[in-house]
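Comments concern the structure below.
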Amino acid sequence: MARILSGIQPSGQLHLGNYCGAVAQWVELQREHDCFIFVASYHALTTSESALELAARTRQIAIDLIALGIDPVRTCLYRQHDVPEVCELSWLLACVCPMSLADKGVSYKDKVAKGFDANLGLYTYPILQAADILAPRAEIVPVGRDQIQHIEIARDLAERFNRRWGEVFVVPRYRLAEAAEVLPGIDGQKMSKSYGNTIDPFADERTLRKRIMAIKSDSTPLDQPKDPESDPTFRIFRAVAGRDDPRTRELEAKYRQPPPGGFGYGHAKQALFELLLERFAAARRRREELLADPAEVERILAAGAARARSIAAATVAQARRACGLL
Ligand code: ADP
Ligand code: TRP
């Protein structure tokens, strides 16, 4: 059993890409490991413009995670800002971080290129992320490919601190989702909230159907075979149902049917719609219950924070002693 930790920013509605690329993996891992999952509210503040929105989204993501299967009995689920020790730790780490290492951060350059304000929080984002990981002594960090550099920076900072001040930190490593496929959005590009091409697994039936019917497809006629690999509807179906699921194989065979065929993209979209309704039926019900019971959500998050905080406080105390803050 390893200690696992990961986080997600509350910077928009959770979408199917987040689910397939991150959340589904966390739900699996919690069966066998000691898991810490948090809502990265301090990180979201680097690009946030509304206090009300940040608060509402933080809460909503927590609810969605629980609804999707993060089990608060197995997983320590918390809000990042309920563990303020990570801020102190990020200072201790900043003091062993060479400018050249911080300068390498690609996420800062990306965000600036996307037009976000170049604030110092964005620049030091990876140092806070390192503190998130090192404070609870995580060994494994399951993330998407875009986060590899951040985990490497965390490793580097842990090693530098340990070399300079003595062995305090566990050096973490990352783990990519097995099928680490990037899920396409309805326009065929990477599904991402910044492209407005996402599918919300919690959307109401009408909206969900409309969204799925709007997935881009080519104009191959009904009687001709179609290439499933280049079709976003098929790829989303496969990511949700699973590669080896008989329904995936059956759908693939229908795409490849030689003339007279008779299977069109409309049929594939209908199949995806039905799959999503079925796959997320329990999650939708659980989400409604949680929305109606804010006290329960608060209780879960407070319990998670208390546990994460006590471990983080012990690590930070050890780090303070090591570097002479007596
Ligand atoms: P977005 O691109 O919508 O802003 P985030 O960067 O907040 O998403 O991603 C949160 C988590 O979800 C990360 O672990 C990321 O790797 C994963 N993720 C996001 N989009 C996808 C996608 N299209 N396919 C697979 N995983 C994704
Ligand atoms: N940067 C991550 C993302 O945008 C979120 C995050 C913050 C995180 N701290 C973390 C992920 C620590 C893993 C571990 O997806």
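The values are calculated or read from the model by the stated rules, or taken from the named source; none is laboratory data. The model shown is predicted, which means the values in this text are computed figures rather than measured ones. All Cβ positions, glycine included, derive from the backbone under ideal geometry; neighbour counts span all protein chains shown. Ligands, DNA and RNA are stripped out before the accessible areas are found, and what is left, the full protein with its side chains, is counted by its heavy atoms. Shrake-Rupley method; radii C 1.70, N 1.55, O 1.52, S 1.80 Å.
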Report the residue count in the stretch 1-33 for those that are touching a Cys at 6+ places or on another chain (Cβ under 8 Å) and free of Cβ contacts under 8 Å to residues at least 40 places away in the same chain. 0
Within the stretch 207-255, restricting attention to residues that are open to solvent by less than 20 Å² (accessible area, probe 1.4 Å) and over 29 Å from the mean Cα position of the chain (by Cα), which residue is farthest from A271 (Cα to Cα)? K226
Okay, helices (runs of 4 or more DSSP H) sitting entirely in the stretch 100-195 with 1 or more residues that are within 16 Å of ligand 1 (Cβ to nearest atom) and open to solvent by 80 Å² or more (accessible area, probe 1.4 Å), I get 106-113, 148-165
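Here is a yes/no grid of residues against (1) surrounded by fewer than 24 Cβ atoms within 10 Å (Cβ to Cβ); (2) within 10 Å of ligand 1 (Cβ to nearest atom); (3) closer than 25 Å to N119 by Cβ:
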position	(1), (2), (3)
P10	no, yes, yes
Q13	yes, yes, yes
Q30	yes, no, no
H33	yes, no, no
F36	no, no, no
T46	yes, no, yes
E49	yes, no, yes
I'm trying to understand the selection: among the residues of the stretch 219-239, which are polar (S, T, N, Q) and part of a helix (DSSP H, G or I)? S230, T233
Restricting attention to the stretch 258-275, does a residue exist that is surrounded by fewer than 17 Cβ atoms within 10 Å (Cβ to Cβ) and within 21 Å of A24 (Cα to Cα)? yes
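Can you tell me which residue in the stretch 131-141 is farthest from V27 (Cα to Cα), limited to those that are within 8 Å of ligand 2 (Cβ to nearest atom) and of a type outside the set (V, I, T)?
Only one residue tops the list, namely D132.
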From A292, A314, A283, residue being of a type in the set (G, A, S), in contact (Cβ under 8 Å) with a residue 60 or more places away in the chain and either touching a Gly at 6+ places or on another chain (Cβ under 8 Å) or on the phi < 0 side of the Ramachandran plot (or both): A283
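Let's see how each residue does on (1) of a type in the set (A, V, I, L, M); (2) assigned by TED's automatic domain parsing to the domain that holds S11; (3) out of contact with any helix residue (DSSP H, G or I) (no Cβ under 6 Å at 6 or more places or on another chain):
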{"site": "P98", "(1), (2), (3)": "no, yes, yes"}
{"site": "D103", "(1), (2), (3)": "no, yes, yes"}
{"site": "V106", "(1), (2), (3)": "yes, yes, no"}
{"site": "L120", "(1), (2), (3)": "yes, yes, yes"}
{"site": "L128", "(1), (2), (3)": "yes, yes, no"}
{"site": "Q149", "(1), (2), (3)": "no, yes, no"}
{"site": "R155", "(1), (2), (3)": "no, yes, yes"}
